[in-house]
Structures are given as structure tokens and as C-alpha cells.
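Novice: Input: one structure, supplied below.
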Amino acid sequence: MKRIGVFICWCGSNIAATVDIDKTIAAAKQMPGVVFADHNKYTCSELGQDMVKNAIKEHQLDRVVIGACSPRMHENTFRKTVEAAGLNPYYMEIANIREQCSWVHKDKETATGKAISLVRTAVAKAARNEALFSTEMPIERRALVIGGGIAGIQAALDIAETGFEVDLLEKEPSIGGRMAQLDKTFPTLDCSACILTPKMVDVAQHEKIRLITYSEVEKVEGYVGNFTVTIRNKARSVDMEKCTGCGDCMNKCPQKVSSEFEMGLAERRAIYTPFPQAVPNKPAIDRATCRWFTQEKCRVCEKICPTGAIDYDQVDEFITQRYGAIVVATGFDTHKLDKYGEYAYGKHPDVITSLEMERLFNASGPTGGKLLRPSNGKPPKNVAFIQCVGSRDKAKGNPYCAKICCMYTAKHAILLNEKVPGSKSFVFYIDVRTPGKDYEEFYNRAYEQHNATYIKGNVSKVFPDGDQLVVRSVDALSGALVELVVDMVVLATSVDARSDAKDLAQKLSITTNAHKFFNEAHPKLRPVETQTAGIFLAGVCQGPKDIPETVAQASAAAVKVASLLSKESLKSNPTIAEVDQKRCSGDMSCMAVCPYGAISEKIIEERRGRETVTRKIAEVNTALCQGCGACTVACRPGAINLKGFTNEQILAEVDAICL
Amino acid sequence: MSVNLESHEPLIVAFCCNWCSYAGADLAGTSRMSYPTNVRIVRVPCSSRVNPSFIIRAFQRGADGVLIAGCHPGDCHYHSGNYYTRRRFTVLKRMLEYMGIEPERFQVRWISGSEGAKFAGVMNEITQEIKALGPNRKLRDVR
Amino acid sequence: MKECSEKMRKVASDALQKQEVTAVLGWRKKDFWWQSPVAFIESVDDVDQLVWDPFTVFNPVKYLLEDYDCHDKVGIFVKGCDSRGINRLIQDKRLDRDRVVVYGVPCEGKADADKIRASFASKKIKKVTIDGDSLIIDVDGKEERVAAEEYLLDKCLTCRYPNPVVSDKLIWEEVPVRKGVNEARFARIDNMEKKELEERFSYWSRQMDRCIRCFACRNTCPACNCRVCIFDQAEPRWLGKANDMGDTLNYHIIRAFHVAGRCFECGECERICPAGIPLQELNRKLIKDLDEFFGEYEAGLDPEDNPPLGTYRGEDPAGFDES
Amino acid sequence: MKKIAKSQLSKMLSMLSAEAKLYVPVASDGVVNFAPWQEDVEVDLTTINVFVPPKKFFFPQTEAVLRYDISDELEIEDFACKAGDKTILFGVRPCDVSSFAMMDKVYLGDPVDIAYRQRRENTTVIAMGCKSPDETCFCTSFDLEPGKAPGADVLATDTGEEIVLSAQTTKGEELLTQLNGLIQEATSGDENKVKDAQEQAKEGYTTSVNVQGVMEKLDGMFEDFYWDRLHKRCIACGTCTFVCPTCHCFDMQEYSTGSRGERIRCWDSCMYSDFTLMGHGHNPRPTQKERVRQRFMHKLNYFPHQHGDYACVGCGRCVRKCPVNLDILEVIQEIGGAAGGM
């Protein structure tokens, strides 16, 4: 018989106000195997922990049950406590009588009854707890950063600066991301390219950083400290070694294509770099549009290339690399406007999105930095800005606030007024949100100094009137119908998670929220970690944020990576699967459902009658197993069990609950 | 074990995955969202750890209802566990119904770590439903 | 029929003589007209025991498990239904394909002794033989010729695989699949699903009440091939030994669940159940639901694939509230 | 000797059921079992072998022997002394009646099984003599008379339109006395009819075996190769043991819910791999060979050595029900080698 000690925590009044502690103790003393039961104001305090340690020694306890808060809170604390008293840490079990009892129930009598039941269940489980031991696992001291926007660039640079190798993965031919598309940045109106390009160059030149562009994650295996990632290096059709980046091919390529970087406002060639300051500044052939690949004629670039770098026969290559940690910084997509027909986007050339507006402002953009109306090439006088397009819209868009639109619209209003003297802007808004250092002041400047008029109201319709546009709305403050005649309409388009975020999440075994933004491990206390150890988040892929926040998060993720990689080794989780040789039939049903490839076949020798025979059974790789237990159910004879959550333990818990 | 019909308070065993639904239950607690005391949670690492035998065992030992709660599809901490849960318990649930067990008695729900309100809501809902059915007699041991 | 037996004997005798195999599994005749148990032929001298008659029903595949046989190379006669059991064992890695030589015996259906007893005095029957569409029943020396269709086992009347799906050698020509078998496959299940909840429960509790927990259904089933069955384990005790309704339902639910997606519908569990429990109605219910929810799947056809509970698709539908 | 018209049978059973729990053979979904008598059930008077033999009324498949509760002070509730409600079994066939005598040797021998004894004492057995044996019946091979049932309290004989009842024990006499007014005195003609029926019942056996010397032969056969050959077909189900009227092995199981629980006695089968499995993992009967050997050695050698009779009454259930046609008939034939007129 086990010698179980039960410790009930008051948690101040958090538990004690709803659960009758004395009654619970009295009941615990009657439970099978319990030889000691006592209580504590705060068991997690030093005093409380000492009491547990002393009782273990004094009463020769070999199992400990602590009735307190959620094991998600203090399981580790109390494991250490019992370990300090000489017990295996896994001899400790927690009865969650706070989150799942005192905090959710009001009636003291029934709550006490439930607390007793929860304690009994934990006692039943603890009686079957076995000693478990961690193993040490080495760490691969190399990090992978997925996404070469400002978040990924910052994270890669910071990690590299701590001395660890980093691979920076980018799916486009160049790093730079969204920030490269921006003209100026709020609230200082720095030129975006001016502050970004040096960082891009730093990345390219850093000896600890390997840049892997035009590539995507194919497969992720392994676990913290030991990920094995397969990367698909898409066929660029240009030999990166030979190419000097002279650009002749791009000038001579006869096939013009709408430029993604310029938001379709300009053209690029089929062989292209996304933008002039691209890093690496070496082109790729877009096989979907290249004449050779689509029509089997042309090969102009091959003829023109002075170094013979064009290689039409290139195929996708797969790089397999081990990493100790991964930073996900995949950024965002802009919201699709197909549900917003009332704004006439796509129907009238002078209705554009805010990102398109950035390109129209930009000196290297389609208009060379002159703000001109797409319809007639003349500078606009009056521009309407419609806020929250696709944001804060439960009916047909995103319910959340995209966070950056208020600020960039203020920026647009200021830039407009600076570029086109005498021009006016009209901003239709729901609320203006400007939390951030110098943000409110920046917004004030827009309407105080730059002819911006803010109108609170939803725009119901945008329609053409001659060569101009009418914006119809209601001024929510006065109730008056507003109809403005303007030259251009700019839609503050919402921010979406990447359309393929779910796929990547599955490959990485991380989770997303309802809007496909990756989930952090804790919204406040672990904002850059994911629930999968060793995988961290930076930038908008985690949720809408502006550049300063993105950079801060990227640096934070880099520190997390560095602190992980600076460890010698990691302790493995001992609550993993285990095979009972005698019961295993070797049908490998377990292997089929294991998400980590942690189960393999093994040949054993066995006595059958008077003979020694060999047969195959399943074996668990203790480093790969993460302890989900899917195998334990696939295994019909119950030959594979999960340590810490064994069949015996769970059945005992069920029995104890139903007593 | 005798069952007093008038004052019958159903007993519901909920198998909750550690990463989503158990966290959801904790969040319900942290947010002080109340729900009936009828529910007892068994913490499992993943809903795919729940063996159909555990469900039947709970009913045999006197549970009036059993719930499996796991992460939403695509959100499994272990990648794919809840997809197996979905397949396994779709067929188990339908078989129990086929054999004449009330569908409300055995349920599967997806409750994420951020859905404290949903957790409390589901507990309220299930307790109501099962209370209305009365005690489980069909799968219960006669002891 | 006689020629069939002869053909089988010839095949077995050749194989044993040439030492292609060291044992052959087939069927033989025993004392009563309705007894055709499995024969273990280990010597050429014994091949004459082999028969093919209306009662050679028992699926011999399970005897290929190591617990039953230690021969290195075994020949086995299999009907269509039996043959899928071979794939079952291979898929479960419980049988090395190289260890068996499979002799396929296409089958037009086997007779139901109870149906015959209902029409003829069992004691007086000396012998039952099959001749095309007819059964010839020797009643005290007088031969009665009846339509086989009316005396075949129900499971044979709805058989979808009368011809072996795996064989190294087909012993005689393939036979046509009966008409309407696909429609008949889930007829009993459809019917049951239409009944009210309480009616379903009373039906099943009445059936299960007869269960004596002999485990014959499990032990004859090639899909139940675990070395140590969960129901036989004492620690933990998954199934109480007490023959209470709770434990009996536990047994039948979990047994059916364990063969879900793996049962290949040979129907032997139901046929040999001494208590006449309609076990196929549980097995087929699971097959029907698996097909409906996760795509059609035929167990026991391809030993390389993964049964439906061993795989998933992200977009699978669910049989519960997924909101 | 008394008699009752078959048309009055229901009335008689109704009267009996007022006095005790009355069980009669009833068909349900084509399977005949002893079931509690109710006004609307149709009593099956023709089926010879009910599926689960009536030994279950004295030796139930599952019975709690005690209940304990240690949640407060240790409390133990013993069920044995409470066992044995007043029970009447109607329609037990002679082979099954004779199996009771065999069970008595086990459970009423030293030490006496109290629950069993009380059930036996409180049960009145009304046997139904057989008229025409099934093809698998071979009770005559064990010197049983199909029309007679010496161990029964009352013997009922179907004489066509009537059933003749003769009390064979005081319990039987008391039972018939209760029925006074409903049942009539049998005539000498009826007595003759009974005799004729009993004689006629002996005819028509198509199956018999010679059991002479089987026990002695088996004395030297423990290590015989015969068992290696015989067991191969066995799929290790427990059908034979559970349908056998004389198999009487049980297992003790603990049903525990932590601080409360029950100790349960339930039928076990020597065919099961865990029957002799020991706590530390050793199994003295490691393969099906030892288990099959055990079953037949027990019935045909150990039991007769100990108790003087073969532990078989020739009911033929195992012959009919064994899924692989491995039965005691075959074993007796092969061991004895002196088969009768098959």
C-alpha cells in the first residue's frame, strides 16, 4: 500500500472561501492509501513547500497529492518540492480545486463535495504514479527564421549577433517584405527603404546568416533543440553563383507582367527582381509567364546573359537542415475587397488601396514619386480616405481592428498635402485610434496643419460623377447626409493572416486563432513563444502590429532563441509512450498514427515452448515522442501505454470519480 | 448503488486535453464563470489519448454523461491527435446511439484554451441535457 | 462437388509431395452431416480427408497465426470470404505472405444446417450434397432435391466476394456474384436505424442478455488477432468477468470498435455465436458509418493500405457538434 | 401420480408462480433458455437442450459473494447466507437433472458451498421426461434413461393431451399437494402411458458411445501425442464450458471503486489462456494443448477418479455448439475406440 500525503491549499480565500477545508481534509484522511492530510494558507509559498517537504520525511510519504490551483500553474513548482524531499517528481499529483472548483462554484456544500471528489481522483491516480526520469538531449545550435520581412530580418540579425548560425528563409526572390513596399513610416516620416535597406544588406553580409530566398518550408520533423526541416528551394532558373546581378536580362526580356510589388500599378518582366534594391539582387524567372516555359520560344535572357547564368533546366531542390529553434515571421496579406463592391474598387481606377497609395507616393514607384490619379495622370486635389475597410466588420470582414490603418491614413493625409499643395483629404472613420508614442500628435498634425477633415461615418457608396467620384456617407455626429466629390478614394484595407498560415501551422505543429494568426503560448506572459517548444513568433503573423512593435517582438524572439541555443542540452519530457513487449502484436497500428515518427519496428527474441523465436514489435524513440498518446488508443491490446497518463491511472481516475 | 430519482444530480466525466480544453476550463475558472458542480475533469495530454474503453468504463461505473473535449481541428498541440479523435468518436458515438444510448449522454466538443466562456457554456448545456434524461441505467453496472 | 474435393486433394497432395508446403489447411468431414471442420493435413496419406461440401464454412485463416501453427510453409484453401482474412493478417503484420500458399476456391454459398433441420428430420439425414442450384438431401436413403437458395446461410446470400481476392492458385473457375448483394449489405442496419431509440435499446439488450461471454466471436475472427487480447488482461482489467449487462455491452461495443475499418464481413462471428447474437449488425453499422463519413473503404482487399481509423483527412466531417 | 390437461398448464404454472420464482423454457429470437414464467410466455415443451443449462440456478454465472465498504468503519456484507429464494424449475430435462447430482458432489462435498446448498434446498425441480432424443443426444451412453429423472422432485411426462406428474421426493409431494384442486389423480391407464412413453423414449437414439474403460485408458495418456493433434482445431472460446451442464469452474473477481467493492464469483473456462495465469506471469498451461487436455482429462479421468462418475451427462450441447466441432463425443470415441452405432 502506498503512503499518500494530501495537502489542501487555501490559496488565501480563493479556495477556502468556497471549499470547506476541514471537511476536505477529514474526507481525504479516509481515502485508500492516504496516511497524512493537512492544509496550508499558500502551499506554493516557501512556508507551504517546507511543510510538504517536512511531512514527506516525517510520515515517510511516497506519493503526494496537492489540492490547489491548476497543474498548468504550479505543477512544476510542486514537482520540484517533492524532488527536494527525495521523491521522484512524478510522484506528485495536483487536484485542481481552484480553477475547476472554488472559482466556478458558489455553493459551499456542493463545491466542497466536488473538491473531495477531485482530491479522491487525484489520490487514485497518485497511487498508480510511477517514478519517471528525464533524459538529456543535445541541442542543434542553429536557428531558422521563416520570412524575410522586417520581423525576420531583425530576428535573424539579432540571433546572428549572439553568435549562432541562422538561416533566413524567404519565399520571394528577395527579402524585404511589406516594409519594402512602404514609402514613409509613421510617426517620423522616415523613408521606409532608407531604414530597411541597410538591414537587408547587413543580412546579406553577415557571416552567421545564410540567406535562402525563393524557398518554402516543405516539412518539419523533430522537436525543440532538434528540428529537421526540409526546405523547398524553388527553381529560380538563374544560377546564383554565376549571376552578377547586372540586370541586362530584365531589360531585354520581352514578356511584361503586372508587378506584385507595385500592387499591379506597374509592370515587371518575366525574369525579374521584385524591386531595384532587392537582396539578393539576382533575378528569378517567373515560369508561369516566361515565354520559354509557356510557349517554348524566346530564350532571350539566355542569349543576353554575359555569364551564362540562365538555367532553364533547374528543378526545385530540397535542403534538409537541422535546427535547434525556429522563428516564424511570415507577415500578412491585405484583405480581399471582393465583398466591398459599394466602394467601386476594381471598377474605377481612382479607387485604390492604401498599399497602392504607398507605391504612388514612392519615388521608385510607378509614378516616380509624383502623386497622380491612375485614371488621367493628373494630381488629385481632393482625396477621400475610407477607414476600417474589412476591419471591425463582423458582418463581412474581420471583427478585429487592424491596428495600423488610423496611423498610416494620417500619414497619407500629411504626405498628400505635402506632395500636392492645396490638396485636401477627407477621412471617413469609425474611431480614430492612436495609442503609441507621438502617435496622437502625428494625427493632430494631419488635421491641424495638412488640410485633413475627419468625418465620423460609414461610407455607403462610392460612384463616378464625370471624371470624379462621389462619396456618400452620413456624418454620424450631425446626422447630416454627406456627399463629397473627390478625385481619388483610398481604402484603408484590413490586415489578414497569410492565406497559407494554416498549412504552415500544421507543418510546425503550432496553432492559430480563428483568424489564422499564429497563437502565442500566453497572451501576456509568453507573447513570442508558441505552445510548441522551440518555435517562436515575430511580427504580424501573430497579430496586427506596426513596425516598432514588430521589431521589438523580433528582438524578443531572438533572445528566446539565443537563450535556448546557449544551453548545453535539454531535458526530455519523460511522460512518453512505452511498449509492453509481451502484449505487443507488432501490427504497428501505433506507428500509423504517430505524428512524430517516433515509433519504429524492432526485432526481439522470445521463448515459445522450447524454441527461441524472433518477432517484430514496436519501439518508441524517447527523443521523438512528445507524449500525445494517440498510439495508446490505436493499439488494440493496450500494449503501448503513456507514462504519466497510463491506462491504469486513467481507469483509476474514472473509477474514483464515479465512486 | 442506488439512485434517488427526485434529487438526481447527474455525474458527468469530461476528458479534457491539456492544451486546449483543460486550459479552457482553467480560463473559465480564472474568469469566474460558473457552471454546475456535476462535471469532473480527467486531464489527458490530447483527446487522442482517450480510449473508447474509458468512456464505457465511466458509464459502467455510474457516470450519467461523458464528454470528450479537445482542440479545434487544425489546432492540435500534437498536430493531428484530434483528427483521430474525430474519426474514432464519430463512429463510437453513432454506434452507441444505434444501440439505444441517448445521443446526449456521450458528446465530443472542441473547446480551445481561449474559450473559457464556451467551456462554461458547454458544461451548463450538457448538465441540463443529461439532467433531463435522468440517470444512466443502460450501461451501468448492476453493483 | 465430388470433383471439387478431388481437385483439392490433388492440389494438396502435389504440394505436399513436392514439399512446396509442409501442411495444408482445408476441410474434412466429421460424424454428423452438418459437421465439416477444418482439417490440418500434414501428410500425403491424409489428403483424402479433404472435402468440399455444403458445410465447409469455417474460416481457416485464423489458424495461420503463430499460436496455432509452427509450419514454415502452409498451404491453405480459402473461399472468397476467407481470402480477405489473409489480407487482414498481412496488413496487421501477423502473417508473412511468403509463408503461405493460397489455394483459392470460389464458392457459391454454404448451407445453413438450421434451415435444413427446419424442413427435414435431422436424425434421418445421412448426407447433404450440392449440385448446381440444388441441394441433395439424403433422408434415410431417399434423395430429396431442393433449391439451394432457400437453404443457404444468410451471409452467403449477401456475399459480395464469392471469389478469392488473393490466391496463388485458383482451384476452379470463378463464380458470379449474386444479384442485389450490395443493396442487401446494409439492409438490416438501415432497418434498425429507423427504429426509435428505446426500441433499439430493448432489441440490443435482449440480444446481449443471451451472451454467455464465451468469446467465440472474437476467437474465430481473423481481425481479432492480438497476441494478448485487451479483454483477457487482468491489469488493468478492461472488462469485468462478471456477466453483467454493463460488461457485456462493454465487450460488444469495444470488440466491434476494435474491428472497425478492419472487419471484412466474413460473418463468422455471427454464424458461430452460440447465442445467436446478430453481431454483423454491429460490425456493419461501423462500416456503414465509416464509409459515409470518411469515404468508402473495403477492408481485406489491399494489405498495403491504412484502415480508416489509422488515418485522417483535415476536412473530415464529424458525427458530433463541431461548432 | 397426478395429471393435468395441457390446456390447463398455464393455470398450473400461474399457481406455482404465486409460491415461488418459477422458471420455464422459453424461446426468444430462436434461442431457448430458462426464463421467468409470465402469463403471456409460451412454454417450450419440445426443445430438449435449453441453451444455458439450468446449473445456473444453483451456480450462477455471476454472483456477488460479499460486499465491503471501508470508507468509514470496515463493513462487510455477506451474501451467501441470503442466497436461495424459493424457486421452481419447470421442464428440466433428465440429463440436466442428473448434472445437478454431479454439481452436488463438488459443491455439497467438503467444504460445503453454503449459497449453493441453500439454492438447492429452496429449489423444486420439475423434470420433463424426453420423448424423442435429438441426433446429438447420447445420455444413454451414461446409463441415463431419457424418460426418467431420478434426481427431480417431480417428474412430468408428456402423454399427448396431458402431462402426468409424479412426485419423487417430499418436496415434490408438497408441491403437488399445493396444486390440489387443479390437478387430477392419474389413472392406471395414465401410468401405463407413462411407462410406454419412457420405453419409447429409449428408442430412436442415433448416437451413442462406449465409455467403458475410458478413464483407465486416460490414466496413461497425459503425455500422449493425441493431445498435440486434438488441440490444433480449438480456437480457445469458452462455448463448450459454458453450455456444459457439469462444468463448474469459477473465478473470483474484485469489483472495486476505491473504498467500496464487491467480491464476485463468476464462471470461468479452462479453455481461456488466463485461466491458470498466475500473478507473476507464469502460466502452467501455456498453450491450448494443455487446456484442451485438461478439459477432457477432468471430465473423463480426474472427476471419475474422485467422484466415481464421468463428468458428462451426454446432453450433446458441446457437440452442437462447438464452432470447430471438437467435442467430447469425438474424444470418447477416439480414446475408447469402441464407438456405438453412429
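Nothing in this text is a laboratory measurement; each read-out follows from the coordinates by a stated rule. The structure displayed is predicted, hence computed values, not measured ones. Here Cβ is always computed from backbone atoms with ideal geometry, including for glycine, and neighbour counts include all displayed protein chains.
Novice: Just to verify a number: FRET efficiency for C:ASP72 and A:THR453, C-beta to C-beta distance, R0 = 56 Å, to 0.05?
Specialist: According to the calculation, E is roughly 0.05.
Novice: Separate question: Would you give the gap between the C-alpha center of the stretch D:290-312 and the C-alpha center of the stretch B:91-143, rounded to a whole Å?
Specialist: Here the two parts' Cα centres lie 51 Å apart.
Novice: Ok, one more. Hey, quick one: spin label on A:GLU342, modelled 7 Å out along Cα-Cβ, who in the stretch A:430-444 has an amide N within reach, i.e. under 15 Å?
Specialist: What the label zone holds, given the 15 Å backbone N cut-off, is A:430.
Novice: Evaluate the relative contact order of chain C (contact order divided by residue number), counting alpha-carbon pairs under 8 angstrom at least 6 apart; express in whole percent.
Specialist: Reported relative contact order: 16 percent.
Novice: Quick check on packing: order A:278-290, A:336-348 by the mean number of other C-beta atoms within 10 Å, highest mean leading.
Specialist: A:278-290, A:336-348
Novice: Something else: Kirkwood hydrodynamic radius, the stretch A:1-112, all distinct C-alpha pairs: what's the number in Å? Walk me through the numbers on the way to the answer.
Specialist: Numbers: mean 1/r = 0.0730 Å⁻¹.
About 13.7 Å for the stretch A:1-112.
Novice: If you take the charge dipole of the protein assembly as shown about its Cα centre, with +1 on Lys and Arg Cβ and -1 on Asp and Glu Cβ, which of D:CYS315, C:THR248, A:SER215 is farthest toward its positive end?
Specialist: Positive-end residue among those listed: A:SER215.
Novice: Still on this structure, please answer the following. Taking each residue in B:25-31, count the Cβ atoms of any other chain within 10 Å of its Cβ, then average. What number comes out?
Specialist: Neighbouring Cβ atoms belonging to other protein chains average 6 per residue here.
Novice: Are any of the pairs A:LYS53/A:LYS114; C:LYS10/C:LYS93; C:LYS123/D:LYS321; C:LYS29/C:LYS79 more than 19 Å apart by Cα-Cα distance, and if so, which?
Specialist: Going by Cα-Cα distance, A:LYS53/A:LYS114; C:LYS10/C:LYS93 fall outside the 19 Å limit.
Novice: Explain nothing, just the number: relative contact order of the stretch C:186-310, from Cα pairs under 8 Å at least 6 residues apart, as a whole percent.
Specialist: 29
Novice: Here's something else I'd like to know. Under 4 °C and 1.567 mPa s, how fast does the protein assembly as shown diffuse according to Stokes-Einstein, given a Kirkwood radius computed over C-alpha pairs? Answer in µm²/s, whole number.
Specialist: Diffusion coefficient, whole number: 34 µm²/s.
Novice: Can you list residues from other chains, or at least 5 along the same chain, whose modelled amide H is less than 5 Å from the amide H of A:SER70?
Specialist: When sequence neighbours closer than 5 places are left aside, the close amide H contacts are A:ARG98, A:GLU99.
Novice: Taking the Cα atoms only, what angle lies between the long axis of helix C:2-17 and the longest principal axis of chain C, rounded to 10 degrees?
Specialist: 90
Novice: Can you give the average number of partner chain beta-carbon atoms within 10 Å of each beta-carbon in peptide C:251-257, as a whole number?
Specialist: Counting Cβ atoms of other protein chains within 10 Å of each residue's Cβ and averaging gives 5.
Novice: Quick one: which residues, 5+ away or cross-chain, put their amide H under 5 Å from the amide H of A:SER460? H built at 1.01 Å from N.
Specialist: A:ARG472, A:SER473, A:VAL474
Novice: What is the list of residues in the stretch A:4-27 whose amide nitrogen lies under 14 Å from a point 7 angstrom out from the Cα of A:LYS108, following Cα to Cβ?
Specialist: Within reach of a label on A:LYS108: A:13-24.
Novice: Also, quick follow-up: Could you give the alpha-carbon Rg of the stretch B:12-133 over 2.2 N^0.38 Å, rounded to two decimals?
Specialist: This ratio for the stretch B:12-133 stands at 0.98.
Novice: Find, among the chymotrypsin sites (Phe, Trp or Tyr not before Pro) in the stretch A:55-146, those assigned to loop by DSSP (not H, G, I, E, B) with at most 16 other beta-carbon atoms within 10 angstrom.
Specialist: A:PHE133
Novice: Now for a different question. Of the listed pairs C:LYS115/C:LYS169; A:LYS208/A:LYS234; A:LYS339/A:LYS437; A:LYS208/A:LYS252; C:LYS127/D:LYS195; D:LYS55/D:LYS217, which have alpha-carbon separations greater than 25 Å here?
Specialist: C:LYS115/C:LYS169; A:LYS339/A:LYS437; A:LYS208/A:LYS252; C:LYS127/D:LYS195; D:LYS55/D:LYS217
Novice: Continuing with this model, one more query. Only Cα pairs within less than 10 Å get springs; with that Gaussian network setup on chain D, which residue of D:ASN301, D:ASN192, D:ASN122 has the largest fluctuation?
Specialist: D:ASN192
Novice: A further question on this structure: What do you get for Rg/Rh of the stretch A:577-643 when both radii come from the Cα atoms and Rh is the Kirkwood radius?
Specialist: Dividing the radius of gyration by the Kirkwood radius yields 1.00.
Novice: On to the next question. Assuming a viscosity of 1.567 mPa s and a temperature of 4 °C, what translational diffusion coefficient in µm² per second does Stokes-Einstein assign to chain C, Rh being the Kirkwood radius over Cα pairs?
Specialist: Answer from the Stokes-Einstein relation: 61 µm²/s.
Novice: For chain A, what number results from the quotient of the Cα radius of gyration and 2.2 N^0.38 Å?
Specialist: Output field value: 1.21.
Novice: Determine the relative contact order of chain A: mean sequence separation of Cα pairs under 8 Å and six or more apart, normalised by residue count, in whole percent.
Specialist: The value is 13 percent.
Novice: Using alpha carbon centroids, what distance separates the stretch A:64-97 and the stretch D:1-35, in Å?
Specialist: 64
Novice: Here's a follow-up. May I ask you to list, by number, the DSSP H helices of chain B whose Cα span along the axis is at least 15 Å and whose average Kyte-Doolittle hydropathy reaches -0.5 or more?
Specialist: Taking the DSSP H segments of chain B (at least 15 Å long, mean hydropathy at least -0.5), we get B:116-133.
Novice: Show me, for the stretch C:268-279, the HN-Hα J-couplings you get by feeding each phi into the Karplus relation (A = 6.51, B = -1.76, C = 1.60, θ = phi - 60°), rounded to Hz, glycine and proline as x.
Specialist: Going residue by residue, I get 5, 4, 6, 5, 8, 4, x, 9, x, 7, x, 5 Hz, with x marking Gly and Pro.
Novice: Now, a different point. Give a quick list of trypsin sites (Lys or Arg not before Pro) in the stretch C:108-199 that DSSP marks as loop, anything other than H, G, I, E or B, with at most 15 other Cβ atoms within 10 Å.
Specialist: C:ARG160, C:LYS179, C:LYS195
Novice: On a C-alpha basis, how far is the centre of the stretch A:113-166 from the centre of the stretch C:74-95 in Å? Whole number, if you could?
Specialist: Each part reduced to its Cα centre gives a spacing of 46 Å.
Novice: Ranked highest first by average number of other Cβ atoms within 10 Å, how do D:221-233, B:68-80 line up?
Specialist: Descending mean neighbour count gives B:68-80, D:221-233.
Novice: Once R0 is set to 35 Å, what does the formula 1/(1 + (r/R0)^6) return for the Cβ-Cβ distance between A:LYS419 and B:ALA117, expressed as a FRET efficiency to the nearest 0.05?
Specialist: Result of the calculation: an efficiency of 0.10.
Novice: Using only Cα atoms, what Kirkwood radius does the stretch A:334-496 have, in angstroms?
Specialist: 15.7
Novice: Obtain the nm distance between the two label points defined at A:GLU606 and D:ILE70 by a simple spin-label model: each point lies 7 Å from its Cα along the Cα-to-C-beta direction.
Specialist: Rounded to a tenth, the inter-label distance reads 3.5 nm.
Novice: Please give me, ordered by residue number, the trypsin sites (Lys or Arg not before Pro) of the stretch A:391-476 that lie in loop per DSSP and have at most 11 other Cβ atoms within 10 Å. If you can, show how the numbers build up before the last one.
Specialist: Numbers: sites: A:ARG392, A:LYS394, A:LYS396, A:LYS403, A:LYS411, A:LYS419, A:LYS424, A:ARG433, A:LYS437, A:ARG445, A:LYS456, A:LYS461, A:ARG472; in loops: A:ARG392, A:LYS394, A:LYS396, A:LYS403, A:ARG433, A:LYS437.
Passing both the DSSP loop test and the Cβ count: A:LYS394, A:LYS396, A:LYS437.
Novice: Given points 7 Å out from each Cα along the Cα-Cβ axis, report the A:GLU46 to D:ALA101 separation in nanometres with one decimal.
Specialist: Those two pseudo-labels are separated by 8.6 nm.
Novice: In terms of the ratio Rg/(2.2 N^0.38 Å) built on C-alpha atoms, what value belongs to the stretch D:48-157?
Specialist: After normalising by residue count via 2.2 N^0.38 Å, the value is 1.30.
Novice: Let me ask another. Taking R0 as 56 Å, what FRET efficiency do you get between C:LYS179 and D:LYS86 from their Cβ-Cβ distance, rounded to the nearest 0.05? Kindly include the intermediate steps, with their values, before the conclusion.
Specialist: Working: r = 58 Å, r/R0 = 1.04.
Given R0 = 56 Å and the Cβ-Cβ separation, E is 0.45.
Novice: Right, something else. Quick query: amide H of A:CYS388 versus all other amide H atoms, modeled in the peptide plane; which residues come in under 5 Å with a sequence gap of 5 or more or a different chain?
Specialist: Counting only residues 5 or more places away or on other chains, the set is A:ALA492.
Novice: At 7 Å along the Cα-to-beta-carbon direction for both A:ASP248 and A:ALA26, put a label point, then send me their distance in nm to one decimal.
Specialist: Placing both labels 7 Å beyond Cα along the Cβ direction yields 9.6 nm.
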